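Reviewing the structure listed below.
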Ligand SMILES: [Zn+2]
């Protein structure tokens, strides 16, 4: 699908944008925050091919969905739905795993950075076991995944990872870029480089980590 238009808006001091994607006469409308979907909703409409594709973005069928998408954010519809759902979930003694995003019980588990990572086969939601201690190098990685889960993204100065957890080990042929890419791949994270000012006002390269699939972790999983 190609991106046709983005409509930015602010809500509670945060910047969102509504994106209109299309393929032929099929349109998909979804809210984004920091380049990631802002919630689990997206709206699709299939329009008749007799419609004029050039002026199609302004028609009511699409504008209604744009309004709906914006309202979902302003009414916190997704958060309410997830919270409502969590209230109905009882913690079971056997801790049978289920995805808090889509209720599927098809969950894959693997150990990543010293704790278990769970992935829902149905929707791609990922969450992690809570651990009370970890190795020094793992701490920052746990922080990244936690913030992606809570805030939708995490920003880190490149140097911090380059000089620490992902420092180059050329004897093993592992460059910083390779380690970063491997780690992001295992954790199903996307990332992009950008520049931002550090505490001293100096422009420095940083990495923004995010997930294409919003992450919903079980509130009761201990
Ligand atoms: Zn799921």
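Key figures
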read-out	value
Verdict on residue 169 being more than 29 Å from residue 39 (Cα to Cα) and in contact with a helix residue (DSSP H, G or I) (Cβ under 9 Å, 6 or more places away or on another chain)	yes
The listed residue being closer than 14 Å to residue 68 by Cβ and either surrounded by 15 or more Cβ atoms within 10 Å (Cβ to Cβ) or in contact (Cβ under 8 Å) with a residue 12 or more places away in the chain (or both), out of 30, 5	30
Pick from the stretch 114-127, criterion in contact with a helix residue (DSSP H, G or I) (Cβ under 9 Å, 6 or more places away or on another chain) and at pLDDT below 90, ranking: nearest to the ligand (Cβ to nearest atom)	115
Of all residues making up the stretch 94-106, the number that are more than 23 Å from residue 132 (Cα to Cα) and near the ligand (Cβ under 9 Å from one of its atoms)	5
Condition broken by residue 79, with the remaining ones in (1) within 16 Å of the ligand (Cβ to nearest atom); (2) closer than 29 Å to residue 22 by Cα; (3) modelled with pLDDT under 85 satisfied	(1)
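Residues checked against (1) surrounded by fewer than 16 Cβ atoms within 10 Å (Cβ to Cβ); (2) assigned by TED's automatic domain parsing to the domain that holds residue 113; (3) free of Cβ contacts under 8 Å to residues at least 40 places away in the same chain; (4) part of a helix (DSSP H, G or I):
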residue: 156; (1), (2), (3), (4): no, yes, no, no
residue: 160; (1), (2), (3), (4): yes, yes, yes, yes
residue: 179; (1), (2), (3), (4): no, yes, yes, yes
residue: 196; (1), (2), (3), (4): yes, yes, no, no
residue: 218; (1), (2), (3), (4): no, no, no, no
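Residue by residue, here is whether (1) in contact with a strand residue (DSSP E or B) (Cβ under 7 Å, 6 or more places away or on another chain); (2) at pLDDT 90 or above holds:
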site: 52; (1), (2): no, no
site: 55; (1), (2): no, no
site: 60; (1), (2): no, no
site: 64; (1), (2): no, yes
site: 69; (1), (2): yes, yes
site: 83; (1), (2): no, no
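The values are calculated or read from the model by the stated rules, or taken from the named source; none is laboratory data. Fair warning: this is a prediction, and the values are worked out from it, not measured in the lab. Virtual Cβ from ideal backbone geometry, glycine too; neighbours counted across all protein chains shown.
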